[in-house]
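Contents: one structure, followed by commentary.
The values are calculated or read from the model by the stated rules, or taken from the named source; none is laboratory data. As the structure is a prediction and not an experimental result, all values here were calculated from the model. Neighbour counts are summed over all protein chains in view; Cβ atoms, including those assigned to glycine, are modelled from backbone coordinates with ideal geometry. Note: accessible area is taken over every heavy atom of the protein model, side chains too, but ligands, DNA and RNA are not part of it. Shrake-Rupley method; radii C 1.70, N 1.55, O 1.52, S 1.80 Å.
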Protein chains: 2
Amino acid sequence: MRFDKKLKLYVITDSRFGKEVEQVKQALEGGATSIQLRLKDVSTRHFLDTAKDLRKLTRDYDALFFVNDRLDIAMASDADGIHVGMDDMPVEYVKEMAPELIIGSSAYNLEEANYGINAGADYLGVGAVYSTNTKLDARYLGVEGLKNISKSVNIPIVAIGGINHQNCEDVLNCDIQGLAVISAILNSNNIVNSSKEMRNIIDKYI
Amino acid sequence: MRFDKKLKLYVITDSRFGKEVEQVKQALEGGATSIQLRLKDVSTRHFLDTAKDLRKLTRDYDALFFVNDRLDIAMASDADGIHVGMDDMPVEYVKEMAPELIIGSSAYNLEEANYGINAGADYLGVGAVYSTNTKLDARYLGVEGLKNISKSVNIPIVAIGGINHQNCEDVLNCDIQGLAVISAILNSNNIVNSSKEMRNIIDKYI
Ligand code: NI
């Protein structure tokens, strides 16, 4: 299976919503196809231990496992990929040091999208589509902004930022390959069910 | 030259004492033989940019360049080595992913020293020798504790923790290969001179 088929429901961990392992287990049970481990302000050892746990879980569910920012953790945990933003390790460095990894690069506009593509990214995380409380950054693209980017690039796009069960069909109409979700799933009463419900919507489009 | 000959004056950066590049330039000018970049709570991009600057400087002065904790930064900046503690990437992972790097492993006691050696460390950072304000951890070995470790291990030892111009000769008598210093050099009025002075003392012993 091409990797981009597994980007459809891409869940990003968030320590505010409990233990990563619990979050991920339930999201996978509900149908998440990709998991990204995002951790800040923890020791490398703790980060690695968590990554190894998620690596096992994602294997069990045949899902992709990505690490946010940290190439050392991605390599040491045998992740499928890494996701980097503009403040992280440059894509070209990742490409050279770990050519086997799937590289995701964040993009807010066409300039950033083209930077990622030229540097060798395998997919783009494009957003924020909607305003979100998850990130401090308040700027957002809207569905039109997302469409403008998706029609200009030829690598897979995972849309991110404020996506929930109510607005996700508008996003799925933007010719993208996946939805990245945090709160709408992890901050719900039942992670398994909210994953299932979103996966059901996605499956009608992708 | 064997790498352990370059451990003798090993300066560890500390952002509390100004810009890393300035600290390191002056320490090298004064005779530092190894530099370790230690940064916390900065973006990977900033960490990498700083590491690349220090890599250039250390090359100019024919000094060794180590990165604290972060294997991704060490690899991307073409460092000579990495220094890891018990909360960092395990030595055996570093060894497998980057066999070309010199690996330093922190040890407070023989058990930790032997863990590092068995896992493949190339040198040990042993301490704290004296109580120090630089680290929150207040436990310290004393000169006797350091001697106990140095006589039991057969890889190079860099002594660390509270070492200054007044007490360093006691440490140099412990059959060790280098002194790791932060405040005594970086928090001095003249980094070049305080490096020179310490280097002069060290050169009498090592
Ligand atoms: Ni590799």
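One line per residue, one yes/no per condition, for (1) under 23 Å from A:Pro90 (Cα atoms); (2) of a type in the set (A, V, I, L, M):
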{"position": "A:Tyr123", "(1), (2)": "yes, no"}
{"position": "A:Arg139", "(1), (2)": "yes, no"}
{"position": "A:Lys147", "(1), (2)": "no, no"}
{"position": "A:Ile160", "(1), (2)": "yes, yes"}
{"position": "A:Ala184", "(1), (2)": "no, yes"}
{"position": "A:Asn189", "(1), (2)": "no, no"}
Open item on the list: Being more than 16 Å from the ligand (Cβ to nearest atom) and either among the hydroxyl-bearing types (Ser, Thr, Tyr) or not in a helix (DSSP H, G or I) (or both) is the filter here; which residues of region A:85-119 pass it?
Closed with: A:Gly85, A:Met86, A:Asp87, A:Asp88, A:Pro90, A:Gly104, A:Ser105, A:Ser106, A:Ala107, A:Tyr108, A:Asn109, A:Tyr115
Open item on the list: Quick test for you: out of A:Lys6, A:Lys25, pick the one residue that is under 21 Å from A:Ser194 (Cβ atoms), in contact with a helix residue (DSSP H, G or I) (Cβ under 8 Å, 6 or more places away or on another chain) and among the basic types (Lys, Arg).
Closed with: A:Lys25
Task: Candidate set from region A:17-27 (those that are of a type outside the set (Lys, Arg) and open to solvent by 10 Å² or more (accessible area, probe 1.4 Å)); member that is farthest from the other protein chains (Cβ to nearest Cβ) - done: A:Gln26
Open item on the list: Just to be sure before I move on: is A:Val11 away from the ligand (no atom under 16 Å from the Cβ), in a helix (DSSP H, G or I) and either surrounded by fewer than 21 Cβ atoms within 10 Å (Cβ to Cβ) or on the phi < 0 side of the Ramachandran plot (or both) in the structure I sent?
Closed with: no
Task: region A:29-55 - residue that is in contact with a strand residue (DSSP E or B) (Cβ under 6 Å, 6 or more places away or on another chain) and assigned to a helix (DSSP H, G or I) and, of those, nearest to the other protein chains (Cβ to nearest Cβ) - done: A:Ala51
TODO: For A:Val126, state whether it is touching a residue at least 40 places away in the same chain (Cβ under 8 Å) and not in a loop (DSSP other than H, G, I, E, B).
DONE: yes
Task: Residues being of a type in the set (D, E, K, R) and modelled with pLDDT under 95 - total across region B:126-170 - done: 3
Task: Sole residue being touching a Leu at 6+ places or on another chain (Cβ under 7 Å) and farther than 24 Å from A:Ile206 by Cβ, chosen from A:Glu20, A:Glu96, A:Glu100 - done: A:Glu20
Task: Close pairs from region A:50-75: first on the phi < 0 side of the Ramachandran plot and of a type in the set (A, V, I, L, M), partner open to solvent by 20 Å² or more (accessible area, probe 1.4 Å) and within 16 Å of the ligand (Cβ to nearest atom), Cβ under 7 Å, at least 6 apart - done: A:Leu64/A:Asp80; A:Leu71/A:Met97; A:Met75/B:Met97
Task: Exclusive hit being small (Gly, Ala, Ser) and within 21 Å of B:Ile160 (Cα to Cα), set B:Ser106, B:Ser43 - done: B:Ser106
Task: Out of A:Ile201, A:Ile185, sole residue that is closer than 21 Å to A:Asn68 by Cα, touching a helix residue (DSSP H, G or I) at 6+ places or on another chain (Cβ under 9 Å) and touching a residue at least 24 places away in the same chain (Cβ under 8 Å) - done: A:Ile185
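Under the condition of being part of a loop (DSSP other than H, G, I, E, B) and out of contact with any helix residue (DSSP H, G or I) (no Cβ under 7 Å at 6 or more places or on another chain), which residue from region A:138-152 is surrounded by the most Cβ atoms within 10 Å (Cβ to Cβ)?
The extreme case among them is A:Leu141.
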TODO: Hey, can you tell me all the residues within region A:86-99 that are open to solvent by 20 Å² or more (accessible area, probe 1.4 Å) and more than 9 Å from chain B (Cβ to nearest Cβ)?
DONE: A:Glu92, A:Lys95, A:Pro99
Open item on the list: Could you tell me how many of the residues in region A:56-84 are of a type outside the set (Gly, Ala, Ser), within 15 Å of the ligand (Cβ to nearest atom) and in contact with a strand residue (DSSP E or B) (Cβ under 7 Å, 6 or more places away or on another chain)?
Closed with: 5
Task: Members of region B:56-78 found to be open to solvent by 10 Å² or more (accessible area, probe 1.4 Å) and either more than 10 Å from chain A (Cβ to nearest Cβ) or part of a strand (DSSP E or B) (or both), listed by number - done: B:Lys56, B:Leu57, B:Arg59, B:Asp60, B:Tyr61, B:Asp62, B:Leu64, B:Asn68, B:Asp78
Open item on the list: Considering only residues that are over 19 Å from A:Asp49 (Cα atoms) and either within 13 Å of another protein chain (Cβ to nearest Cβ) or surrounded by fewer than 21 Cβ atoms within 10 Å (Cβ to Cβ) (or both), which ones fall in region B:106-123?
Closed with: B:Ser106, B:Tyr108, B:Asn109, B:Leu110, B:Glu111, B:Glu112, B:Asn114, B:Ile117, B:Asn118, B:Gly120, B:Asp122
TODO: Please tell me if A:Gly81 is in contact (Cβ under 8 Å) with a residue 40 or more places away in the chain and either crowded, with 24+ Cβ neighbours inside 10 Å or within 14 Å of chain B (Cβ to nearest Cβ) (or both).
DONE: no
